[in-house]
1. Whether any residue in the stretch 42-60 is acidic (Asp, Glu), assigned to a loop (DSSP other than H, G, I, E, B) and either touching a helix residue (DSSP H, G or I) at 6+ places or on another chain (Cβ under 8 Å) or within 19 Å of residue 151 (Cβ to Cβ) (or both) is what I want to check.
2. It is to be established whether one or more residues within the stretch 98-114 are over 23 Å from the mean Cα position of the chain (by Cα), modelled with pLDDT under 95, surrounded by fewer than 20 Cβ atoms within 10 Å (Cβ to Cβ) and farther than 19 Å from residue 69 by Cα.
3. Within the stretch 101-124, identify whether any single residue is over 24 Å from residue 169 (Cα atoms) and outside any strand (DSSP E or B), and answer yes or no.
4. Which pairs turn up if I take residues in the stretch 36-56 that are loosely packed, with under 11 Cβ neighbours inside 10 Å and look for partners that are modelled with pLDDT under 85 with beta carbon separation below 8 Å, at least 6 apart in sequence or on another chain?
5. Out of curiosity, is residue 165 without any contact (Cβ under 8 Å) to a residue 24 or more places away in the chain, exposed (fewer than 14 other Cβ atoms within 10 Å of the Cβ) and either outside any strand (DSSP E or B) or not assigned by TED's automatic domain parsing to the domain that holds residue 59 (or both)?
6. Suppose we filter 107, 145, 112, 154 for residues that are of a type outside the set (Asp, Glu), touching a Gly at 6+ places or on another chain (Cβ under 7 Å) and either in contact (Cβ under 8 Å) with a residue 40 or more places away in the chain or at negative phi (or both); which single one remains?
7. Within the stretch 115-147, which residues are among the acidic types (Asp, Glu) and modelled with pLDDT of 90 or more?
8. When you go through 159, 124, 137 one by one, which is the residue that is under 14 Å from residue 79 (Cα atoms), among the polar types (S, T, N, Q) and surrounded by 16 or more Cβ atoms within 10 Å (Cβ to Cβ)?
Amino acid sequence: MNSAICGTTMEQQPTSFSPSVQISLPLPKTAGENNFRRISRTEDSIPYPIPGLAADILHMRVKGGSKIRSLLQFAAARMQGEVRNPNGMSLRQVVFTGSGRGVTKTITCVEILKRKVEGLHQVSKLYYNTVKEVWKSPQPGAPGITMERRVPAICIYLSKDPLDPQEPGYQPPQISSVPTEDAERRKGLLRTAHAHSSPHTAKRLCLDDSSACPPLNL
(Lines give C-alpha, C1' and ligand atoms only; values in the text may rest on other atoms or scores of the structure.)
Protein backbone atom coordinates (compact mmCIF):
# COMPACT_ATOMS: atom_id res chain seq x y z
CA MET A 1 0.00 0.00 0.00
CA ASN A 2 1.84 3.05 -1.28
CA SER A 3 -0.65 5.84 -0.65
CA ALA A 4 0.88 8.69 1.32
CA ILE A 5 -1.22 9.27 4.42
CA CYS A 6 -1.19 12.56 6.28
CA GLY A 7 -2.34 12.98 9.85
CA THR A 8 -1.94 11.48 13.28
CA THR A 9 -2.66 7.87 14.19
CA MET A 10 -6.38 7.20 14.12
CA GLU A 11 -7.68 5.94 17.45
CA GLN A 12 -11.08 4.50 18.27
CA GLN A 13 -13.44 7.31 19.22
CA PRO A 14 -16.12 6.96 21.89
CA THR A 15 -19.75 6.43 20.98
CA SER A 16 -22.34 8.95 22.16
CA PHE A 17 -26.03 8.27 22.64
CA SER A 18 -29.13 10.39 22.83
CA PRO A 19 -29.38 11.69 26.45
CA SER A 20 -33.09 10.89 26.59
CA VAL A 21 -32.47 7.16 26.35
CA GLN A 22 -30.76 5.05 29.02
CA ILE A 23 -28.46 2.34 27.65
CA SER A 24 -27.18 -0.43 29.92
CA LEU A 25 -24.89 -2.07 27.31
CA PRO A 26 -22.99 -0.64 24.34
CA LEU A 27 -24.38 -0.64 20.83
CA PRO A 28 -24.55 -1.96 18.20
CA LYS A 29 -23.99 -5.33 19.96
CA THR A 30 -26.88 -4.67 22.34
CA ALA A 31 -29.15 -3.73 19.46
CA GLY A 32 -28.51 -7.06 17.78
CA GLU A 33 -28.97 -9.09 20.97
CA ASN A 34 -32.29 -7.43 21.73
CA ASN A 35 -33.55 -7.56 18.13
CA PHE A 36 -33.24 -3.82 17.63
CA ARG A 37 -33.46 -2.89 13.96
CA ARG A 38 -31.50 -0.05 12.40
CA ILE A 39 -33.87 2.12 10.38
CA SER A 40 -31.49 4.87 9.22
CA ARG A 41 -27.81 5.71 8.97
CA THR A 42 -26.51 9.13 7.96
CA GLU A 43 -23.06 10.71 7.73
CA ASP A 44 -22.07 14.34 8.10
CA SER A 45 -21.58 16.13 4.80
CA ILE A 46 -18.40 17.94 5.71
CA PRO A 47 -16.26 19.87 3.18
CA TYR A 48 -13.30 18.12 1.60
CA PRO A 49 -10.24 18.31 3.88
CA ILE A 50 -8.17 19.22 0.77
CA PRO A 51 -8.21 22.93 -0.13
CA GLY A 52 -8.91 24.24 -3.60
CA LEU A 53 -11.06 21.42 -4.99
CA ALA A 54 -13.60 22.34 -7.65
CA ALA A 55 -17.25 22.02 -6.72
CA ASP A 56 -18.00 19.82 -9.74
CA ILE A 57 -15.06 17.43 -9.30
CA LEU A 58 -15.71 13.74 -9.88
CA HIS A 59 -16.36 12.31 -6.40
CA MET A 60 -16.12 8.56 -5.91
CA ARG A 61 -17.76 7.58 -2.61
CA VAL A 62 -16.47 4.18 -1.52
CA LYS A 63 -18.48 2.14 0.97
CA GLY A 64 -17.86 -1.18 2.64
CA GLY A 65 -20.18 -2.96 0.19
CA SER A 66 -18.97 -1.16 -2.96
CA LYS A 67 -17.62 -3.24 -5.83
CA ILE A 68 -14.06 -2.22 -6.70
CA ARG A 69 -14.42 -3.27 -10.35
CA SER A 70 -17.47 -1.08 -10.90
CA LEU A 71 -15.82 1.93 -9.24
CA LEU A 72 -12.65 1.56 -11.29
CA GLN A 73 -14.48 1.10 -14.59
CA PHE A 74 -16.40 4.31 -13.99
CA ALA A 75 -13.41 6.40 -12.85
CA ALA A 76 -10.89 5.02 -15.37
CA ALA A 77 -13.21 5.59 -18.36
CA ARG A 78 -13.45 9.28 -17.47
CA MET A 79 -9.80 9.80 -16.55
CA GLN A 80 -8.59 8.01 -19.71
CA GLY A 81 -10.89 10.05 -21.95
CA GLU A 82 -13.20 7.21 -22.99
CA VAL A 83 -16.13 9.17 -21.54
CA ARG A 84 -15.95 12.96 -21.86
CA ASN A 85 -17.79 15.79 -20.13
CA PRO A 86 -20.31 18.05 -21.97
CA ASN A 87 -17.41 20.29 -23.09
CA GLY A 88 -15.78 17.37 -24.88
CA MET A 89 -12.90 17.19 -22.41
CA SER A 90 -11.71 14.21 -20.38
CA LEU A 91 -11.48 14.59 -16.63
CA ARG A 92 -8.17 15.57 -15.09
CA GLN A 93 -9.03 15.22 -11.40
CA VAL A 94 -10.91 12.76 -9.21
CA VAL A 95 -11.36 12.45 -5.46
CA PHE A 96 -12.01 9.22 -3.57
CA THR A 97 -13.53 9.23 -0.08
CA GLY A 98 -14.37 6.40 2.29
CA SER A 99 -15.04 5.93 5.97
CA GLY A 100 -15.11 3.03 8.40
CA ARG A 101 -14.86 -0.27 6.55
CA GLY A 102 -14.59 1.62 3.27
CA VAL A 103 -11.15 3.11 4.06
CA THR A 104 -9.15 0.05 2.96
CA LYS A 105 -11.25 -0.34 -0.19
CA THR A 106 -10.73 3.35 -0.99
CA ILE A 107 -6.94 2.95 -0.90
CA THR A 108 -7.17 -0.18 -3.06
CA CYS A 109 -9.17 1.68 -5.72
CA VAL A 110 -6.64 4.52 -5.78
CA GLU A 111 -3.61 2.22 -6.14
CA ILE A 112 -5.20 0.31 -9.03
CA LEU A 113 -6.30 3.50 -10.80
CA LYS A 114 -2.75 4.88 -10.55
CA ARG A 115 -1.55 1.85 -12.50
CA LYS A 116 -4.23 2.32 -15.16
CA VAL A 117 -3.67 6.08 -15.53
CA GLU A 118 -0.01 7.04 -15.32
CA GLY A 119 1.35 10.36 -14.08
CA LEU A 120 -1.22 11.07 -11.37
CA HIS A 121 -0.27 13.43 -8.54
CA GLN A 122 -1.82 12.53 -5.18
CA VAL A 123 -2.80 14.22 -1.92
CA SER A 124 -4.19 12.11 0.95
CA LYS A 125 -5.88 13.29 4.13
CA LEU A 126 -7.16 11.40 7.16
CA TYR A 127 -9.99 12.77 9.26
CA TYR A 128 -12.99 11.70 11.35
CA ASN A 129 -16.59 11.52 10.17
CA THR A 130 -19.68 11.57 12.39
CA VAL A 131 -22.19 8.79 11.74
CA LYS A 132 -25.71 8.91 13.18
CA GLU A 133 -27.74 5.71 13.46
CA VAL A 134 -31.35 5.30 14.55
CA TRP A 135 -32.40 1.92 15.98
CA LYS A 136 -36.01 0.83 16.46
CA SER A 137 -37.16 -1.30 19.36
CA PRO A 138 -39.28 -4.41 18.62
CA GLN A 139 -41.47 -3.67 21.64
CA PRO A 140 -44.62 -1.65 20.81
CA GLY A 141 -44.42 1.84 22.27
CA ALA A 142 -40.79 1.44 23.37
CA PRO A 143 -38.51 4.39 22.54
CA GLY A 144 -35.97 4.07 19.78
CA ILE A 145 -32.27 4.66 20.15
CA THR A 146 -30.22 7.33 18.42
CA MET A 147 -26.50 6.65 18.35
CA GLU A 148 -23.65 8.85 17.12
CA ARG A 149 -20.18 7.53 16.37
CA ARG A 150 -16.99 9.07 15.06
CA VAL A 151 -15.34 6.83 12.49
CA PRO A 152 -12.01 7.24 10.66
CA ALA A 153 -12.27 8.45 7.08
CA ILE A 154 -9.89 9.15 4.20
CA CYS A 155 -9.94 11.56 1.28
CA ILE A 156 -7.55 10.97 -1.65
CA TYR A 157 -7.22 13.51 -4.46
CA LEU A 158 -5.72 12.43 -7.80
CA SER A 159 -4.79 14.92 -10.52
CA LYS A 160 -3.12 14.81 -13.92
CA ASP A 161 -1.96 18.38 -13.31
CA PRO A 162 0.92 19.10 -10.90
CA LEU A 163 -0.03 19.75 -7.27
CA ASP A 164 1.76 21.62 -4.50
CA PRO A 165 4.55 19.30 -3.31
CA GLN A 166 4.62 21.17 0.02
CA GLU A 167 1.04 20.16 0.81
CA PRO A 168 0.99 17.61 3.66
CA GLY A 169 0.06 14.21 2.27
CA TYR A 170 1.43 14.90 -1.23
CA GLN A 171 2.81 11.99 -3.25
CA PRO A 172 4.42 12.43 -6.71
CA PRO A 173 3.51 10.24 -9.67
CA GLN A 174 4.90 6.73 -9.72
CA ILE A 175 7.86 6.19 -12.04
CA SER A 176 7.19 3.32 -14.41
CA SER A 177 10.13 1.00 -14.97
CA VAL A 178 11.40 1.02 -18.58
CA PRO A 179 12.91 -2.30 -19.73
CA THR A 180 16.56 -2.00 -20.73
CA GLU A 181 17.89 -3.24 -24.07
CA ASP A 182 19.79 -6.04 -22.35
CA ALA A 183 16.69 -7.20 -20.48
CA GLU A 184 14.67 -7.24 -23.69
CA ARG A 185 17.40 -9.29 -25.43
CA ARG A 186 17.33 -11.85 -22.64
CA LYS A 187 13.56 -12.10 -22.82
CA GLY A 188 13.84 -12.71 -26.57
CA LEU A 189 16.31 -15.53 -25.98
CA LEU A 190 13.99 -17.16 -23.47
CA ARG A 191 10.99 -16.91 -25.79
CA THR A 192 13.01 -18.44 -28.62
CA ALA A 193 14.27 -21.24 -26.40
CA HIS A 194 10.82 -22.17 -25.13
CA ALA A 195 9.39 -22.08 -28.65
CA HIS A 196 11.62 -25.00 -29.71
CA SER A 197 10.51 -28.47 -28.78
CA SER A 198 14.03 -29.89 -28.45
CA PRO A 199 15.72 -29.25 -25.09
CA HIS A 200 19.12 -29.51 -26.85
CA THR A 201 18.22 -26.52 -29.03
CA ALA A 202 17.29 -24.53 -25.94
CA LYS A 203 20.61 -25.44 -24.33
CA ARG A 204 22.52 -24.17 -27.37
CA LEU A 205 20.67 -20.84 -27.23
CA CYS A 206 21.52 -20.48 -23.57
CA LEU A 207 25.25 -20.82 -24.24
CA ASP A 208 25.30 -17.23 -25.56
CA ASP A 209 23.82 -15.89 -22.36
CA SER A 210 23.71 -18.39 -19.54
CA SER A 211 22.29 -15.87 -17.06
CA ALA A 212 19.12 -15.53 -19.12
CA CYS A 213 18.17 -19.20 -18.95
CA PRO A 214 16.79 -21.11 -15.99
CA PRO A 215 18.26 -24.52 -15.20
CA LEU A 216 16.78 -27.39 -17.21
CA ASN A 217 15.78 -30.64 -15.55
CA LEU A 218 16.82 -33.22 -18.12
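The values are calculated or read from the model by the stated rules, or taken from the named source; none is laboratory data. Because the structure is predicted, anything quoted here is derived from the model rather than measured. Counting neighbours? That spans all protein chains shown, and the Cβs are built from the backbone with ideal geometry, glycine included.
1. At the first step, the residues of the stretch 42-60 found to be acidic (Asp, Glu) are 43-44, 56.
Next, from what is left, pick out any that are assigned to a loop (DSSP other than H, G, I, E, B): 44, 56.
Within this subset, residues satisfying the condition of being either touching a helix residue (DSSP H, G or I) at 6+ places or on another chain (Cβ under 8 Å) or within 19 Å of residue 151 (Cβ to Cβ) (or both) are 44.
Yes; the residues of the stretch 42-60 include at least one that is acidic (Asp, Glu), assigned to a loop (DSSP other than H, G, I, E, B) and either touching a helix residue (DSSP H, G or I) at 6+ places or on another chain (Cβ under 8 Å) or within 19 Å of residue 151 (Cβ to Cβ) (or both).
2. Within the stretch 98-114, the first condition is being over 23 Å from the mean Cα position of the chain (by Cα), and the residues that meet it are none.
No, because not a single residue in the stretch 98-114 is over 23 Å from the mean Cα position of the chain (by Cα), modelled with pLDDT under 95, surrounded by fewer than 20 Cβ atoms within 10 Å (Cβ to Cβ) and farther than 19 Å from residue 69 by Cα.
3. First, the residues of the stretch 101-124 that are over 24 Å from residue 169 (Cα atoms): none.
Looking through the stretch 101-124, none of the residues is over 24 Å from residue 169 (Cα atoms) and outside any strand (DSSP E or B).
4. What qualifies is 39/144.
5. Values: without any contact (Cβ under 8 Å) to a residue 24 or more places away in the chain: yes; exposed (fewer than 14 other Cβ atoms within 10 Å of the Cβ): yes; either outside any strand (DSSP E or B) or not assigned by TED's automatic domain parsing to the domain that holds residue 59 (or both): yes.
In short, yes.
6. Details: 107 fails: touching a Gly at 6+ places or on another chain (Cβ under 7 Å); 145 fails: touching a Gly at 6+ places or on another chain (Cβ under 7 Å); 112 fails: touching a Gly at 6+ places or on another chain (Cβ under 7 Å).
Just a single option satisfies the conditions, and that option is 154.
7. In the first step, residues of the stretch 115-147 are kept if they are among the acidic types (Asp, Glu); the result is 118, 133.
Once the filter is applied, which keeps residues that are among the acidic types (Asp, Glu) and modelled with pLDDT of 90 or more, the stretch 115-147 yields only 118.
8. Details: 124 fails: under 14 Å from residue 79 (Cα atoms); 137 fails: under 14 Å from residue 79 (Cα atoms).
Of the residues listed, the single one that is under 14 Å from residue 79 (Cα atoms), among the polar types (S, T, N, Q) and surrounded by 16 or more Cβ atoms within 10 Å (Cβ to Cβ) is 159.
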